[in-house]
Amino acid sequence: DEVHMLDMECFSYLNRALESDLAPVLAVATNRGITRIRGTNYKSPHGIPIDLLDRLLIISTVPYTEKEIRQILKIRCEEEDVEMSEDALTLLTKIGVETSLRYAIQMIIASALVCAKRKGVEVEVEDIKKVYSLFVDVKRSTQFLVEYQNEFLFSEMQDNDADMTDART
């Protein structure tokens, strides 16, 4: 996962490994489009050098549907032994669709802790709302940073030429 984070030395090693008689099966994943190859000034699809990209079978994926996100969250609640009302699950599903499944999954345990603190037995909508107000997702965090960038000690962002493409994906 996050293969776009590898640098040229890693990609060179993988290329050599794939050419050997004992070539491994290589499965990589990324969510980047055309982006800079780490450690260089070159841009490439998925941040992977073209010579390595030519050796890969690319499997396209599609985002989960709302129904699939709801089912995944329901299963995760069962795995975490968290009782959740249907209304709370509906809200959590909406949050998962609008932000990310990962963020919604992380909210399950936090919401269960808020529920336990109020001595509840089932996570309710107000528990989800409380957690949502306390813990921000990537989009809201990025928005906050852009808005208050000049107030941070080591601000590296220039006014009009900041490249926020990676932060918005």
For segment 1-50, the fraction of alpha-carbon pairs in successive 5 Å shells from zero, as %: 5, 22, 30, 24, 13, 6, 1
The chain: angle of helix 66-79 to the longest principal axis, Cα-based, in degrees nearest 10: 70 degrees
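Nothing charged except the Cβ atoms of Lys and Arg (+1) and of Asp and Glu (-1): what's the magnitude of the dipole of the chain about its Cα centre? Round to the nearest 20 debye. Please report the intermediate quantities before stating the final value.
Values: 20 positive and 30 negative charges, 37 e Å.
So the magnitude is around 180 debye.
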Cβ-placed point charges (K, R +1; D, E -1), dipole of segment 1-82 about Cα centre in debye, nearest 20: 400 debye
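Keeping every protein chain present and rolling a 1.4 Å probe, give me the accessible area per residue for the chain in Å². Walk me through the intermediate numbers first.
Numbers: 12610 Å² over 169 residues.
That works out to 75 Å² for each residue.
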In sequence order, calculated HN-Hα J values of segment 105-114 (Karplus, 6.51, -1.76, 1.60; Hz; x Gly/Pro): 5, 5, 6, 4, 5, 4, 5, 5, 5, 4
Dipole of the chain, positive end: most advanced residue of Val123, Val146, Tyr42 [Cβ charges, Cα centre]: Val123
Nitroxide proxy distance, nm - points 7 Å out along Cα→Cβ at Lys117 and Thr61: 3.3 nm
Exposed-site-free run, longest, the chain (rule: chymotrypsin sites (Phe, Trp or Tyr not before Pro); DSSP loop; at most 10 other C-beta within 10 Å): 1-147
Added length on full extension, which subtracts the Cα-Cα distance from 0.36 nm per residue, Arg102 to Lys43: 18.5 nm
Principal-axis tilt of helix 8-19 within the chain, Cα atoms, nearest 10 degrees: 70 degrees
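With charges set only on the Cβ (+1 for Lys and Arg, -1 for Asp and Glu), what does the dipole of segment 40-117 come to about its Cα centre, in debye to the nearest 20? Each step should come with its number before you reach the end.
On the way: 9 positive and 12 negative charges, 59 e Å.
That gives segment 40-117 a dipole magnitude of about 280 debye.
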Helix-derived mean residue ellipticity, 222 nm - over the chain, DSSP H n ≥ 4, -39500 (n - 2.57), to 500: -14500 deg cm²/dmol
Amide H contacts under 5 Å for Val123, placed H, 5+ residues apart: Glu83, Met84, Ser85
Gaussian network model of the chain, Cα within-10 Å springs - most flexible of Ser12, Ser100, Ser20: Ser20
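Just the number, please: carbon plus sulfur as a percent of the accessible area of segment 97-139, 1.4 Å probe, no ligands or DNA/RNA counted.
Working: 1710 of 2790 Å².
Of the solvent-accessible surface of segment 97-139, carbon and sulfur hold 61 percent.
What net charge is computed for the residues neighbouring Phe144, neighbours being all others with C-beta under 13 Å from the C-beta of Phe144, Lys and Arg scored +1, Asp and Glu -1? Could you put the intermediate results ahead of the total?
Details: positive: Lys139, Arg140; negative: Asp137, Glu147, Glu151.
Summing Lys and Arg as +1 and Asp and Glu as -1 gives -1.
Rounded if a/c is under 1.5, else prolate if a/b is larger than b/c, else oblate: which is segment 1-159, with a ≥ b ≥ c the root eigenvalues of its Cα gyration tensor?
Values: a/c = 2.98, a/b = 1.64, b/c = 1.82.
Since a/c reaches 1.5 but b/c is at least a/b, the shape of segment 1-159 is classed as oblate.
The values are calculated or read from the model by the stated rules, or taken from the named source; none is laboratory data. Note that the coordinates shown come from a computational prediction; the quantities given were computed from them, not determined experimentally. Heads up, the Cβs are rebuilt from the backbone with ideal geometry, glycines too, and the neighbour counts pull from every protein chain shown. To get the accessible areas, we keep the full protein, side chains included, count just its heavy atoms, and leave off ligands, DNA and RNA. Shrake-Rupley method; radii C 1.70, N 1.55, O 1.52, S 1.80 Å.
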